[in-house]
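Before any comments, here is the structure.
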Amino acid sequence: MYKHSIVALALLSMGAGTVYAACNKVPYTNRRQLRLIPNKVMLGLGENSFASMLEGKRLQTTGENHTTLNRVGDRVSKVAHQPKFNWEYAMIDDPTVNAWCLPGGKIGFYTGILPVLENEAGMAFVMGHEVAHATANHGAERLSQNMALVGGMGVLQAAASGSGRLTPQQQGLIFGALGVGASVGVMLPFSRRHETEADVIGLMYMANAGYPPEESVDVWDRMAELTGGASGPAFMSTHPPHERRQEALREWMPRAMKRYERNKLSGNLQAPLWRSGG
């Protein structure tokens, strides 16, 4: 009943338009999702939100961190097969343990997460996870579910184009659906399903890009060590727990290893690059 009311609202707010692909499939998992927001609107939201998220931030635009982020980003985004995305990667000089990806491939990594990643393969897993939130259209799915609260398609179109004024509540709802905080600049929790889904898709992306997929489990070990086994930093939501996420990764690992064997890169991609306190 609730989904029918959302569809009705979408039709009304879009005037003579039609609901965009209300039933879609997520990459790899093939889960069907409700998605009412056109790609053009989501791409516009990503562009404008990216500028807002980086405003006032100290960015690393040269050096090894910047170079590694762009190299990993280019490799992972290539296997995501999203030609309409305009991929951009920002290394934010901040101790927050955080990373995010906005619609259209706008990616931010905080230097605070680097010791958890430890090496290039660890970065590839987190990159894959964040890219997966965008390619699986998790933001569009959440906005579709919350259209009545946001104010309908007209508000989203205004936000995407940068025209018109949004109320703080509308801005907060839109940013929250995209997985970032409008005011504090941290990642907000996606649902349990979305987080596990992004882990699995990210695992497959890193393997297809030639990175050893077993490093994904090690990243979660380091995250658990950092947080004392508790739910932790802004990078990941408070659920599902680390152990459950590792279980999902191990379940998909045989498939990921087959892809990795076909595509693996040369060199030691698990050599330490960043250490705690470094």
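The values are calculated or read from the model by the stated rules, or taken from the named source; none is laboratory data. These figures come from a predicted structure and were not determined experimentally. FYI the Cβ positions are ideal-geometry reconstructions off the backbone, even for glycines, and counts take in every protein chain you see.
Structure data summary
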read-out: Residues being assigned to a loop (DSSP other than H, G, I, E, B), touching a residue at least 12 places away in the same chain (Cβ under 8 Å) and farther than 23 Å from P83 by Cβ - total across the range 110-166; value: 6
read-out: One residue from G210, G267, G232 being buried (at least 17 other Cβ atoms within 10 Å of the Cβ) and modelled with pLDDT of 95 or more; value: G210
read-out: The range 33-48 - residue that is assigned to a helix (DSSP H, G or I) and of a type in the set (A, V, I, L, M) and, of those, surrounded by the fewest Cβ atoms within 10 Å (Cβ to Cβ); value: L43
read-out: The one condition in (1) surrounded by fewer than 19 Cβ atoms within 10 Å (Cβ to Cβ); (2) among the aliphatic types (A, V, I, L, M); (3) modelled with pLDDT under 90 that L173 fails to fulfil; value: (1)
read-out: Subset of the range 49-79 that is touching a Gly at 6+ places or on another chain (Cβ under 8 Å) and closer than 19 Å to L203 by Cα - its residue that is surrounded by the most Cβ atoms within 10 Å (Cβ to Cβ); value: V76
read-out: Residues that are of a type outside the set (V, I, T) and either surrounded by fewer than 21 Cβ atoms within 10 Å (Cβ to Cβ) or touching a His at 6+ places or on another chain (Cβ under 6 Å) (or both), drawn from the range 91-117; value: M91, D93, D94, P95, C101, G112, P115
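Listed here are the residues, each with its yes/no results for (1) at pLDDT below 95; (2) over 27 Å from L36 (Cβ atoms); (3) not charged (D, E, K, R).
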position	(1), (2), (3)
G181	yes, no, yes
F190	yes, no, yes
H242	yes, yes, yes
M257	no, yes, yes
